[in-house]
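What follows is one structure encoded as structure tokens, with my remarks underneath.
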Amino acid sequence: MKINIIEFTEDHSNVEGALVIFAFKGDEGYILPPPSEKLDGQVGGAISKAAYGSDFKAKFGQMVEIMAPTGIAASRLLLVGIGDAEKFDGGQAEKIGGKIIVKLMHSGEKKVTLLSRKFAAAGAFGALLRHYKFDKYYTTEKNIKKSSVETLTMMTEDAKQANKEFADLEKIADGVIMARDLVSEPGNVLYPESYAEQIKEMTNLGLEIEVLDEDAMEELGMEAILGVGQGSSSQTLMVIMKWNGSKNKKEQPVALVGKGVTFDTGGISLKPGAGMEDMKFDMGGSAAVVGAMKAIAGRKAKANVIGVVGLVENMPSGTAQRPGDVVSSMSGQTIEVINTDAEGRLVLADCLWYCQDKYKPKFMIDLATLTGAMLVALGQEYAGIFSNDDALSEQLTAAGQAVDEPVWRLPIGDGYDKLINSDIADMKNVGGRYAGSITAAQFLERFVNKTPWVHIDIAGTAWKQKPSDVAAKGATGYGVRLLDRLIKDNYED
Ligand code: BES
Ligand code: MN
Ligand code: ZN
């Protein structure tokens, strides 16, 4: 779908396709903003009649559709309520953009024009995100249900400014969509080697990409991540992405770290069969990091950012890791692997240690579909965060609110930490029945070496069974916007 943002004109009689008009709540029912009054005569009459006839109150998202209006070129008019005009902001514009595109994308219309006036960039961004669908594996027309909309035109009061804003938002959408694509791919298509190849293609954005193979990781003592992959016929890989956008090329970077388990069977501690197919999404943390790096490079962010992802498949086989095995890690700390299904923390342990050791970042933020317990605690609305740094947690919480990818902080501390002490090694990889998401975070904290750090457990937010205003059902791309915003608001020159 192509997006055009153009200057508002008073005359809409020649606009073809679907013409979208907005109304907001007023003292007596609703108010059509001034430009719509220009749709006078027959058209204005038709709108009023349809609006009154359908009890239109300009409630947020309320819509009235008028087919084949006479007197103008448009083949349909869509009257959309935006609620209270004073409350309308970029976030709401995004949602309205999404709602409009859902309404029209299977209408047969190729052109959609919004008389959006304000918040045009945000509206277009919402529409773009909601328009996305992972449909590459459908082969018949019947299954595809492709969108008919080819161009979305926003008519706005300051097109120059809106185009400038949209230029960055489009790059962020690229990142979100890449993350969704990666999460949606099945395990037979996306495995560590094929995943690393896709990441390498981002060198065309000016990112520097480095891949550590199994030999390199062995050399570094990364037994924790290697143990997870040892039952798989795929390679285990660690991929490092570098963006050096700060004026000061020596500026300490910020670092993003992601769990990239391309499929999680549980290993020898095998998961039950029902629903196991969902575990293709277990690389969602890494996808958020890759997508964020794409957005950051795409919009040429003035910051130095490192992305580290651990790519591995967790399979049961004759060579797989056993429950009870003891492995070392790059940090030198030893781990008793009680449950091979608690593999994400083993992957991140070596990623985090490597990251702080090699790049000495200002902070590390890791993202992972780490625990089922996260869904029990917070469901699919908020991601849980766990941190050793109050200021960074607050920045992340603010960024989450700004982009509607909210996070909720949960506690960590010594009482939880001791639950992962082992009888035979420095720690064990599970902490018992209670506080499963917290004991997982405690495990990670042992590998951050006091670097300011936040762990984001996205087990509940990476995938949704129901569509939202800005995403079809399925992969959400959660985390891309959050990370991009955190950096934009706090860590750019
Ligand atoms: N990838 C899963 C976490 C998960 C499970 C996310 C279900 C979303 C839905 C992770 O590797 C895992 O299996 N965790 C275990 C840990 C347990 C063995 C301590 C879990 O949450 O059950
Ligand atoms: Mn697991
Ligand atoms: Zn997992």
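Brief remarks on what is shown
- For the condition open to solvent by less than 30 Å² (accessible area, probe 1.4 Å) and modelled with pLDDT under 90, Leu32 does not qualify.
- Residue list for segment 338-364, filter: in a loop (DSSP other than H, G, I, E, B), within 16 Å of ligand 2 (Cβ to nearest atom) and of a type in the set (A, V, I, L, M, F, W, C): Ile338, Ala342
- When Glu185 is tested against (1) more than 16 Å from ligand 1 (Cβ to nearest atom); (2) open to solvent by less than 50 Å² (accessible area, probe 1.4 Å); (3) charged (D, E, K, R); (4) closer than 30 Å to Leu392 by Cα, just one condition goes unmet, and that condition is (4).
- Within the option set Leu375, Leu396, Leu370, being under 20 Å from Ala440 (Cβ atoms) and in contact with a Lys or Arg (Cβ under 7 Å, 6 or more places away or on another chain) holds for one residue only, Leu370.
- Here the condition is being in the same structural domain as Gln252 (by TED's automatic domain parsing), farther than 17 Å from Leu444 by Cα and in contact with a Pro (Cβ under 8 Å, 6 or more places away or on another chain); of Lys302, Lys294, Lys280, Lys271, it holds for Lys280 alone.
- Test: residue in segment 191-201 that is of a type in the set (Ser, Thr, Tyr), modelled with pLDDT of 95 or more and crowded, with 23+ Cβ neighbours inside 10 Å: yes
- The conditions of being under 17 Å from the mean Cα position of the chain (by Cα), within 26 Å of Ser393 (Cα to Cα) and basic (Lys, Arg) are not met by Lys473.
- Listed by first and then second residue, the pairs with beta-carbon distance under 8 Å, at least 6 apart or on different chains, first residue in segment 372-385 and over 17 Å from Asp282 (Cα atoms) and assigned by TED's automatic domain parsing to the domain that holds Asp341, second in a strand (DSSP E or B) and of a type in the set (Asp, Glu), are Ile385/Asp457.
- Any hit, segment 269-287, residues being within 24 Å of Asp489 (Cβ to Cβ), away from ligand 1 (no atom under 13 Å from the Cβ) and open to solvent by 30 Å² or more (accessible area, probe 1.4 Å): no
- For Asn314, the conditions (1) out of contact with any Lys or Arg (no Cβ under 7 Å at 6 or more places or on another chain); (2) open to solvent by 10 Å² or more (accessible area, probe 1.4 Å); (3) within 15 Å of ligand 2 (Cβ to nearest atom); (4) not acidic (Asp, Glu) all hold with the exception of (2).
- Taking the listed residues Cys355, Cys351, the one that is open to solvent by less than 10 Å² (accessible area, probe 1.4 Å), away from ligand 3 (no atom under 16 Å from the Cβ) and within 20 Å of Val228 (Cβ to Cβ) is Cys355, with no other qualifying.
- Any chance Val149 is assigned by TED's automatic domain parsing to the domain that holds Lys300 and open to solvent by less than 20 Å² (accessible area, probe 1.4 Å): no
- Some residue of segment 162-178 being under 15 Å from Val308 (Cα atoms), among the aliphatic types (A, V, I, L, M), outside the structural domain of Ile6 (by TED's automatic domain parsing) and buried (at least 24 other Cβ atoms within 10 Å of the Cβ): no
- Flag for Arg446 being under 22 Å from Gly477 (Cα atoms), touching a strand residue (DSSP E or B) at 6+ places or on another chain (Cβ under 9 Å) and crowded, with 16+ Cβ neighbours inside 10 Å: no
- Pair list, Cβ < 6 Å and 6+ apart or interchain, from segment 353-364 residues that are assigned by TED's automatic domain parsing to the domain that holds Leu392 to residues that are of a type in the set (S, T, N, Q): Trp353/Ser331; Gln356/Asn449; Gln356/Thr451; Lys362/Gln252; Met364/Thr451
- The set of residues in segment 74-85 that are touching a Leu at 6+ places or on another chain (Cβ under 9 Å) and open to solvent by 20 Å² or more (accessible area, probe 1.4 Å) comprises Ser75, Arg76.
The values are calculated or read from the model by the stated rules, or taken from the named source; none is laboratory data. Quick caveat, the model's predicted, so the values are computed rather than measured. For neighbour counting, all protein chains shown are included, and Cβ atoms are generated from backbone atoms with ideal geometry for every residue, glycine included. Surface areas here come from the heavy atoms of the whole protein model, side chains and all, with no ligands, DNA or RNA. Shrake-Rupley method; radii C 1.70, N 1.55, O 1.52, S 1.80 Å.
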